[in-house]
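*Asks:* Please see the structure below; I have some questions.
The values are calculated or read from the model by the stated rules, or taken from the named source; none is laboratory data. This is a predicted model, so every value here is computed, not measured. Cβ placement follows ideal geometry from the backbone for every residue including glycine, while neighbour counts extend to all protein chains displayed. In case anyone asks, the SASA skips ligands and DNA or RNA and just uses the protein heavy atoms, side chains included. Shrake-Rupley method; radii C 1.70, N 1.55, O 1.52, S 1.80 Å.
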Amino acid sequence: MSQLRIAVLNAAHRDENTTRNFRRELDASLAEFDVTDGTVPDTFEYDGVVVTGSRASVYWDDDWISPVAEWVGEAIDRGVPFLGICWGHQLLADVLGGTVADMGVYEVGYSEIEHTGDSRLFDGIDETFTAFTSHSDEVVELPPGATPLASNEYSNHGFRMDRVFGVQFHPEYDSKTARELVHRKELSDERLESVLGEITEENYRLASEAKLVFDNFLAFVEETNETSIVADGATREAPTRAGSTD
């Protein structure tokens, strides 16, 4: 069977770790777009879309953010399934009518998160699980009609609205990515040492459970496409498959 064709909207400002991480975690044919240089897909013929994290805030007036939000909004209206990670989670919430704001604190490191909604995105993941986090913005108000899926003492960590899913945590991170990110941040010596001390093989092993969100999302995309084809009968073909950009 052909692989799913997934567009990856990479908002990570050419961070090579992001490309490596998503290529490792997504078992699909990926078309990657560096949206920070103004590049968005010129078609909506994808089985699904993943939006990455970013150093930006969705409410900044950077020139590249508005075209991304516009493309995302149209793709959602066309029924394309989405998964947003961190900044992507916040962008999807914003596009759908939610509110994103500065938390006033910075959550970073391995955190415990509870998934509170009954969603197949968290199939196989313990109700309380560990994941790497790095954010100072949060979705303070979910889009109208959205279902909260996960949270901790800092913020909402997951929501669903129809075919759109967002998670605030970083299931794609490996230890190399986590260490390099922490060193880039302006942390006190004490906090830097504390967070680096959390980046252990044991914590990475515990956090690997959260990677199931990728498999679960792809399974949802596959089922969504099959349902659409059956519903439309012979009048609609399956979305075009394409080879990998790797």
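*Asks:* Could you size up the charge dipole of the chain around its Cα centre, putting +1 on the beta carbon of Lys and Arg and -1 on that of Asp and Glu, and report it in debye to the nearest 20?
*Replies:* Dipole about the Cα centre, nearest 20: 440 debye.
*Asks:* Roughly speaking, to the nearest percent, how much of segment 1-64's 1.4 Å accessible area is carbon and sulfur?
*Replies:* 42
*Asks:* Quick one: what are the phi-derived ³J(HN,Hα) couplings along segment 126-135, Karplus 6.51/-1.76/1.60 with θ = phi - 60°, whole Hz, x for glycine and proline?
*Replies:* Whole-Hz 3J(HN,Hα) from phi for segment 126-135: 4, 4, 10, 9, 9, 8, 7, 10, 7, 6.
*Asks:* Then there is this: Calculate for the chain the 222 nm mean residue ellipticity that helices alone would give, adding -39,500 (n - 2.57) per DSSP H run of length 4 or more and normalising by residue count, nearest 500 deg cm²/dmol.
*Replies:* Theoretical 222 nm ellipticity from helices: -10000 deg cm²/dmol.
*Asks:* Which whole-number value in Å² is the accessible area per residue of segment 5-224, probe 1.4 Å?
*Replies:* 42
*Asks:* Also, I was wondering about something else. Measuring from the lowest to the highest alpha carbon on each principal axis, how far does the chain reach, largest first, in angstroms?
*Replies:* Largest first, the chain extends 63, 40, 38 Å along its Cα principal axes.
*Asks:* Now a separate question. Relative contact order for segment 5-224 using alpha-carbon pairs under 8 Å, separation at least 6, rounded to a whole percent?
*Replies:* Value for segment 5-224: 20 percent.
*Asks:* Right, next: Going from most exposed to least, what order do E153, E226, E70 have by accessible area with a 1.4 Å probe?
*Replies:* E153, E70, E226
*Asks:* May I ask you to order 77-85, 118-126 by the average number of other C-beta atoms within 10 Å around their residues, highest value first?
*Replies:* Those peptides, ordered most packed to least, come out 77-85, 118-126.
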